[in-house]
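Asks: This is the structure I have questions about; it appears just below.
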Amino acid sequence: MRKFVGMAVIRCDFFAETLELSTSMTVLLPDEGATPPPVLYLLHGLSDDHTAWTRFTSIERYAYDKGLAVVMPQVHRSFYADEAVGLRFWDFLTAELPAVVDRFFKVSARREDTYVAGLSMGGYGAFKWALREPARFTAAASLSGALDLAYIQESDLRPHIRELAPRVFGDRRVRGGDADLLHLIRTAEPAELPRLMLRCGTEDHLVEQNERFVAAAADAGVSLDADFGPGEHVWQYWDDQIRVVLDWMIPKR
């Protein structure tokens, strides 16, 4: 185990042109070495913001052990989409954010050094980004992901989802389109994809969505490191599992 000497923890407030407003991200940067470090884009869930991972897990300590920079953007309750009635969060995430990171910070831009992961809505966002832009990432991971967005649009009767869906999707049908992860995994070219990892607790309310994604990947011949074990939709589970994710992404130094 390396002696912990610290990371730079940066709250970065900046104007996002795609959103036409000021926004924020939290960035962790290793404080040693002249070589640009690898970078993980770490995405938050529906009820969180860019501070959640640093507030509720030990991601700073885990990332330091890997010499890893971590970028945690804020996208509100957008499902990482260009909202039908709202803001262009997909364009922000996939186009503007990496350009801002490259401009402001010294991190590697190589595919083999670039990763994405997230929890719940962020697990969906991580896989959506990896499946739609596979040449950008070497590995992607979802923790307790909301992975069947077509089901959420069509059949999730929880009041907050019924209120949220029209703003995000409008009259756009998710099923069979580029927001449908089951469609994306079934139509992907397996050889072009980054490595994929999925973890979900067996007591999680999203476990059936994760099981459907695993089945779709198997049907498509896509390699997926998937595991289900005891756990609920809680931070204790995600704090444990993000360490598993980082060990899988980056070998110990």
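Asks: If you take the residues of segment 199-230 that are in contact (Cβ under 8 Å) with a residue 24 or more places away in the chain and among the β-branched types (Val, Ile, Thr), which of them is nearest to Asp156 (Cα to Cα)?
Replies: Thr202
Asks: Is there a residue in segment 123-144 that is among the aromatic types (Phe, Trp, Tyr), out of contact with any strand residue (DSSP E or B) (no Cβ under 8 Å at 6 or more places or on another chain) and farther than 30 Å from Thr35 by Cβ? Talk me through it step by step, then tell me what you get.
Replies: Restricting attention to segment 123-144, the residues satisfying the condition of being among the aromatic types (Phe, Trp, Tyr) are 124, 127, 129, 137.
Filter once more, so that each one left must be out of contact with any strand residue (DSSP E or B) (no Cβ under 8 Å at 6 or more places or on another chain): none.
Scanning segment 123-144, I find no residue that is among the aromatic types (Phe, Trp, Tyr), out of contact with any strand residue (DSSP E or B) (no Cβ under 8 Å at 6 or more places or on another chain) and farther than 30 Å from Thr35 by Cβ, so the answer is no.
Asks: Look through Met72, Met7 and report the one residue that is modelled with pLDDT under 95, buried (at least 18 other Cβ atoms within 10 Å of the Cβ) and in contact with a Phe, Trp or Tyr (Cβ under 6 Å, 6 or more places away or on another chain).
Replies: Working: Met72 fails: modelled with pLDDT under 95.
When all the criteria are applied, what remains is Met7.
Asks: If we only count strands (runs of 3 or more DSSP E) wholly inside segment 132-243, which ones have 2 or more residues that are touching a Phe, Trp or Tyr at 6+ places or on another chain (Cβ under 6 Å) and among the small types (Gly, Ala, Ser)?
Replies: Details: elements: 139-143, 195-201, 225-229.
Because the criterion is at least 2 residues that are touching a Phe, Trp or Tyr at 6+ places or on another chain (Cβ under 6 Å) and among the small types (Gly, Ala, Ser), the strands (runs of 3 or more DSSP E) in segment 132-243 that meet it are 139-143.
Asks: Among the residues of segment 96-121, which ones are in a helix (DSSP H, G or I) and closer than 20 Å to Ile10 by Cβ?
Replies: Glu96, Leu97, Pro98, Ala99, Val100, Val101, Asp102, Arg103, Phe104, Asp113
Asks: Can you confirm whether Tyr151 is on the phi < 0 side of the Ramachandran plot and surrounded by fewer than 24 Cβ atoms within 10 Å (Cβ to Cβ)? Outline the logic, then answer.
Replies: Working: on the phi < 0 side of the Ramachandran plot: yes; surrounded by fewer than 24 Cβ atoms within 10 Å (Cβ to Cβ): yes.
So Tyr151 passes the test.
Asks: Here's something else I'd like to know. If I ask for residues that are of a type in the set (Ser, Thr, Tyr) and within 18 Å of Arg243 (Cβ to Cβ), which ones from segment 97-119 would you list?
Replies: Selection gives Tyr115 alone.
Asks: Taking the stated definitions as given, is Leu46 assigned to a loop (DSSP other than H, G, I, E, B) and out of contact with any Ser or Thr (no Cβ under 9 Å at 6 or more places or on another chain)?
Replies: no
Asks: Can you find, within segment 231-250, the residue that is surrounded by the fewest Cβ atoms within 10 Å (Cβ to Cβ) among those that are among the charged types (D, E, K, R) and touching a residue at least 24 places away in the same chain (Cβ under 8 Å)? Explain how you work it out, then say what you get.
Replies: Of segment 231-250, the ones among the charged types (D, E, K, R) are 232, 239-240, 243, 247.
Of the ones still in play, those that are also touching a residue at least 24 places away in the same chain (Cβ under 8 Å) are 232, 239, 243.
On the way: Glu232: 13, Asp239: 15, Arg243: 16.
The selected residue is Glu232.
Asks: Being of a type outside the set (D, E, K, R) and modelled with pLDDT under 95 is the filter; apply it to segment 231-253 and report the residue that is nearest to Tyr115 (Cα to Cα).
Replies: Ile250
The values are calculated or read from the model by the stated rules, or taken from the named source; none is laboratory data. Just so it is clear, the model here is predicted, and its values are computed rather than measured. Don't worry about glycine lacking a Cβ; one is built from the backbone with ideal geometry, like all the others, and counts go over all protein chains shown.
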